[in-house]
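**Student:** Take this structure first; my questions come after.
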Amino acid sequence: MPLLPSTYAEAVDRMRRRDFIALLGAAAVWTVPARSQPAAMPVIGYLGSESPGPYASRLKAFREGLAETGYVEGRNVSVEYRWAEGRYRELPALAKDLVNRNVTVIVAPGGAEVALAAKAASATLPIVFELGGDPVALGLVGSLSRPGGNLTGVSSLSVEVSRKRLEFMNELRRGTNVFAFALNPTSPTSASQLKNLQAAADSLGLELVALKASDEKEFEGMFAAVREMRAAGLVFSSDPYFAYRSDQLAALAVKHGVPAITQSRDFPIAGGLMSYGGDFGQSHRHTGVYAGRILKGEKPSELPVQRVTKVELFINLKAANALGIAFPPSLLSSADGVIE
């Protein structure tokens, strides 16, 4: 039945009002301002040569440095960790994985092997290294003051003072002239350290016997060899593989009755005789500071490599007594830490 004129007009009017309301709703949707999305949390890629346990004190120092720049892990920055568990050959693949994860910056602490693996993984991603050698000689940066590329970081004097460990051991063991030198042949700095140690031995009129070890299974034989050759002591080169195994090395030194000196204070703390090397707490804290500064927008090429010039001497008197060794007053007075 056809609509009456008045009914038809009312129907048209209702349709127009409905369409108008729909248009108003659509306009409202388009005119509501979009809410701003929260900024994505920056991500640090942390490349470690060992496992979290041996890195514990270093990680603490790194986080303290990061906090100095206003970043706290889990609050306003995330950290993706990759651990090689002592299998250094896996470092390149782990570094590449961090690059593929699109992290904001890679932190590569713990020696030349870690830094070189990170460098090989990316020529553009910012990288902060921490090591005991010369980053210029290793090809990591163009110069200390102007790195010039995507890498910067912190270097201590641990490698440079390897010869000083021999001098300390010689001062402690007067009247003897044969010393053993522990060397990791896979280390990028092994050749330069051996050269420096040999030069120091020649100047002191000492005979130096190099013992090579790059695996924990070789440690026992190394200490046994020191005993067999009747060497006056064992001097360790600066190498993270040795430093992160201080407990094991200290136990073997006690077992075989070998006077030994390493780069890490962890060695005398664990029962070894003494240590002399860079302050790793300070170097790792600086690494955290640099990571934070890069997160804030600074470029690695414009951040000069930091040099941690503080070195520390730690002595364990209990170990000395067990070995029948008396420390001269000159060494005791210059020690940064003496363990009774």
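Read-outs: derived from the displayed coordinates by stated rules, not from any lab. In this text the structure is predicted, and so the values were computed from the model without any measurement. All Cβ positions, even for glycine, are placed from backbone atoms using ideal geometry, and neighbour counts span all protein chains on display.
**Student:** Quick one: angle between helix 190-204 and the longest Cα principal axis of the chain, in degrees between 0 and 90, rounded to 10, please.
**Tutor:** For 190-204 against the chain, the angle is about 30 degrees.
**Student:** Let me check I've understood the local charge: for E68, count other residues with C-beta under 15 angstrom from its C-beta, Lys and Arg +1, Asp and Glu -1. What total comes out?
**Tutor:** Summing Lys and Arg as +1 and Asp and Glu as -1 gives +3.
**Student:** Can you list residues whose amide H is under 5 Å from E80's amide H, if they're 5+ apart or on another chain and H is modeled 1.01 Å from N?
**Tutor:** I44, G45, Y46
**Student:** What full-extension length gain, to one decimal in nm, is calculated for E340 and A120 as 0.36 nm per residue of separation minus the Cα-Cα distance?
**Tutor:** Extending this stretch completely gives an extra 74.7 nm.
**Student:** Can you give me the C-alpha center-to-center distance between the stretch 84-141 and the stretch 220-279, rounded to a whole angstrom?
**Tutor:** 27 Å
**Student:** Let me ask something additional. Please give me the summed charge of the neighbours of H256: other residues whose Cβ is under 15 Å from its Cβ, Lys and Arg +1, Asp and Glu -1.
**Tutor:** So the environment of H256 carries a net charge of 0.
**Student:** What FRET efficiency would be calculated for the residue pair S203, S330, taking the C-beta separation as r and a Förster radius of 22 Å, to the nearest 0.05?
**Tutor:** 0.70
**Student:** Let me ask something else. Counting only DSSP beta bridges with both residues in the stretch 188-338, tell me the antiparallel percent, nearest 5.
**Tutor:** In the stretch 188-338, approximately 45 percent of DSSP beta bridges are antiparallel ones.
**Student:** Another question, if that's okay. So how far apart, in nm, are the two label points at S145 and K212 if each is 7 Å from Cα heading toward Cβ?
**Tutor:** 4.0 nm
**Student:** What FRET efficiency would be calculated for the residue pair A93, E64, taking the C-beta separation as r and a Förster radius of 30 Å, to the nearest 0.05? Before the final figure, lay out the partial values.
**Tutor:** On the way: r = 30 Å, r/R0 = 0.99.
Computed FRET efficiency for A93 and E64: 0.50.
**Student:** A follow-up question, please. Multiply the residue separation of A224 and A322 by 0.36 nm, subtract the distance between their alpha-carbon atoms, and state the gained length in nm to one decimal.
**Tutor:** Gain in length upon complete extension: 33.5 nm.
**Student:** With label points built 7 Å along Cα→Cβ from the Cα atoms of T309 and V43, find their separation and express it in nm.
**Tutor:** 4.0 nm
**Student:** Let's test this: bin the Cα-Cα distances of the chain at 10 Å from zero up to the farthest pair and state each bin's percent.
**Tutor:** P(r) over the chain, rounded to whole percents: 5, 23, 27, 17, 9, 4, 3, 3, 3, 2, 2, 1, 0.
**Student:** Counting only C-alpha contacts under 8 Å and six or more residues apart, can you give the relative contact order of the chain as a whole percent?
**Tutor:** 19 percent
**Student:** Another question, if that's okay. Gain in length, E85 to K296, computed as 0.36 nm per residue apart minus the alpha-carbon separation, to one decimal in nm?
**Tutor:** 72.9 nm
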